[in-house]
Amino acid sequence: MAANWKMNKTASETREFISKLVPAVSNKADVNIAIAPPFTSLMVAADELENTNIVLAAQDVFYEEKGAYTGEVSPLMLVDIGCKYVIVGHSERRQYFNETDGIVNKKIKAAKKAGLGVIFCIGESLEERDAGKTFEVLLRQTEKGLDGIDAENTVLAYEPIWAIGTGKTASPGQAQEAHAYVRERLKVLYGNRADEICIIYGGSVTPENVDSLMACKDVDGALVGGASLKVESFVRIVKFREEK
Ligand code: PGA
């Protein structure tokens, strides 16, 4: 269960949030939990998350190790402050910052080389879904994004763009259909090792719909935006099984 805070929360708000979250989920040994705060909160979050069952993730990374790239952050910088994962290829990065499949692939390669796990996002727009191109888009993004990438520490996030931040969640049937398709493609790419890749769902996940989404056979977790900004609602999402 991963929280993607996007451009929300200052460093002091991050400290306050995590100090409340840690005791609320400390007995949750059967769920992997990750928090992805903005870059400016990573140090504070790393400090608060030390010796807890929650791992630190970044929301983006650049593909070069160092150099004259004003404003960018390298994989090694993230590793050095305690990040274990990084989100790559989020649709907001693709849409607002012109990230192509090729750039996403370079970022995944660089992150992996530095020892980071990757939460790799794919998903179709409403136009693509309406045009019957969902599988085509998922196939292209998966094959290009994962070209030359090993299965280890790779998490794939299926995030239909029309469901992100809209309150319009994919139905369990729609999520399952897409996840099963991606699972099959991963088997072609990785053989038996495909099972090592968790496929998580993102797009308006809330305490109200998490149980039905998690009941889908091929939904292994969730990438949560809006509903991860409040401690109670993220805790409820993390504890989905207990309260089913
Ligand atoms: P949302 O965002 O939960 O606010 O829809 C999910 C995401 O973009 O990762």
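The values are calculated or read from the model by the stated rules, or taken from the named source; none is laboratory data. Since we're looking at a predicted model, the values are computed, not measured. Here the Cβ is made from the backbone with ideal geometry for all residues, glycine too, and neighbour counts use every protein chain on show. These area figures cover heavy atoms from the full protein model, side chains too; ligands, DNA and RNA do not enter into them. Shrake-Rupley method; radii C 1.70, N 1.55, O 1.52, S 1.80 Å.
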Handout entry: Condition check for PRO38: within 16 Å of the ligand (Cβ to nearest atom) and surrounded by fewer than 19 Cβ atoms within 10 Å (Cβ to Cβ)
Key = yes
Exercise for the section: Could you please find all residues in region 214-233 being acidic (Asp, Glu) and assigned to a helix (DSSP H, G or I)? Expected result: GLU232
Practice task
For TYR69, state whether it is more than 16 Å from the ligand (Cβ to nearest atom), part of a loop (DSSP other than H, G, I, E, B), of a type in the set (Phe, Trp, Tyr) and out of contact with any Phe, Trp or Tyr (no Cβ under 7 Å at 6 or more places or on another chain).
Solution key: no
Exercise for the section: Scan region 44-55 and give yes if some residue there is open to solvent by 20 Å² or more (accessible area, probe 1.4 Å), in a strand (DSSP E or B), modelled with pLDDT of 95 or more and of a type in the set (Val, Ile, Thr), otherwise no. Expected result: yes
Practice task
Could you check ARG241 against (1) assigned to a loop (DSSP other than H, G, I, E, B); (2) more than 11 Å from the ligand (Cβ to nearest atom); (3) without any contact (Cβ under 8 Å) to a residue 60 or more places away in the chain; (4) open to solvent by 20 Å² or more (accessible area, probe 1.4 Å) and say which number it fails?
Solution key: (3)
